1. Being modelled with pLDDT of 95 or more and farther than 30 Å from LEU6 by Cβ is the filter here; which residues of the range 187-217 pass it?
2. Name the residues in the range 122-162 that are on the phi > 0 side of the Ramachandran plot and of a type in the set (Gly, Ala, Ser), would you?
3. Confirm whether LEU163 is modelled with pLDDT under 95, under 18 Å from CYS53 (Cα atoms) and under 13 Å from the mean Cα position of the chain (by Cα).
4. If GLY88 meets every condition in (1) small (Gly, Ala, Ser); (2) crowded, with 16+ Cβ neighbours inside 10 Å; (3) assigned to a strand (DSSP E or B) apart from one, which number is that one?
5. Since THR182 meets every condition but one in (1) surrounded by 13 or more Cβ atoms within 10 Å (Cβ to Cβ); (2) at pLDDT below 95; (3) within 21 Å of PHE69 (Cα to Cα), which condition does it not meet?
6. Please tell me if GLY99 is under 22 Å from THR3 (Cα atoms) and not hydrophobic (A, V, I, L, M, F, W, C).
7. From ASP30, ASP13, which residue is modelled with pLDDT under 95 and either among the aliphatic types (A, V, I, L, M) or within 26 Å of the chain's Cα centre (by Cα) (or both)?
Amino acid sequence: MRTVHLHDLGLTDHVTAYELNMRLYREMLDRKTANHDLSDEAKIPTQDHVVLCEVAPTITTGEEGSTEFLLRSPEELSDLGITLFRTGRGGDISFHGPGQLLCSGIFDLEHHGHSLVGYIHQLEQVMIDLLLTYGIQGSRIHKMNGVWLDADDPTRIRKICTLGVQAERWVTVQGLGLNVSTDLSYYQHIVLCGMADKGITSMEKELGRAVDMNEVKQRLIASIETVYGVSVV
């Protein structure tokens, strides 16, 4: 069974979390480069990582860096205490803040099926399984990453978990953003993922009660272990 190393940063700033993610990502890429010309016996195995955190209010854009769906100027966002940050992940504009659990997987897909599509599908399954332990029925939508509620009802469809992954040479980084107790009013400053006809929600809004973040983390870790067949330590 492959081991995944856990890094729980608690509540931090987006730059600190991003820099840790990218350092672990680059270290794995460097290790794969160094291993390339070595015999199987001499190669040093790569190590998978999961980074969990919440961050201060931040609006992120994907690899293209488009601000088409940003409804406030950078100056207005700054006045509201919101940081604007460009990442290298896929996907469009999104919000991250306190009460949203971010989960980034730095995985070597050579040990997980050699499939980025399969990896993303499993990420979504991790969240679907987690939500089900709370009695929340999440699902996928074809060609729309993330986890949705009431996906088959266009009048009620809403997103509870965003997803954006960056990958190179079978190494992944970035991942999921699950709204646990997020202040959803922040989403009024963007068109989430460029889809104005879709709603946004959180676990607390759906359940009508407070949800303990540490409990969610433990259930998330258990779901990762089950879906990927790994041990998180």
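1. Of everything in the range 187-217, just one residue is modelled with pLDDT of 95 or more and farther than 30 Å from LEU6 by Cβ, namely GLY208.
2. Of the residues in the range 122-162, the ones on the phi > 0 side of the Ramachandran plot are 135, 143, 146, 150.
Selection gives GLY135, GLY146.
3. On the way: modelled with pLDDT under 95: yes; under 18 Å from CYS53 (Cα atoms): yes; under 13 Å from the mean Cα position of the chain (by Cα): yes.
Considered against the rule, which asks whether it is modelled with pLDDT under 95, under 18 Å from CYS53 (Cα atoms) and under 13 Å from the mean Cα position of the chain (by Cα), LEU163 comes out as yes.
4. With respect to (1) small (Gly, Ala, Ser); (2) crowded, with 16+ Cβ neighbours inside 10 Å; (3) assigned to a strand (DSSP E or B), GLY88 is out only on (3).
5. Unmet for THR182, out of (1) surrounded by 13 or more Cβ atoms within 10 Å (Cβ to Cβ); (2) at pLDDT below 95; (3) within 21 Å of PHE69 (Cα to Cα): (2).
6. So GLY99 does not fit the description; no.
7. On the way: ASP30 fails: modelled with pLDDT under 95.
So the residue among ASP30, ASP13 that is modelled with pLDDT under 95 and either among the aliphatic types (A, V, I, L, M) or within 26 Å of the chain's Cα centre (by Cα) (or both) is ASP13.
One line per residue, one yes/no per condition, for (1) without any contact (Cβ under 8 Å) to a residue 24 or more places away in the chain; (2) of a type in the set (S, T, N, Q); (3) more than 30 Å from ASP183 (Cα to Cα):
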site	(1), (2), (3)
VAL15	no, no, no
TYR18	no, no, no
HIS36	yes, no, yes
ALA42	yes, no, yes
ASP48	no, no, yes
THR58	no, yes, no
THR61	no, yes, no
PHE69	no, no, no
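The values are calculated or read from the model by the stated rules, or taken from the named source; none is laboratory data. Keep in mind it's a predicted model, so treat the numbers as computed, not measured. We place every Cβ from the backbone using ideal geometry, glycine too, and count neighbours over all the protein chains shown.
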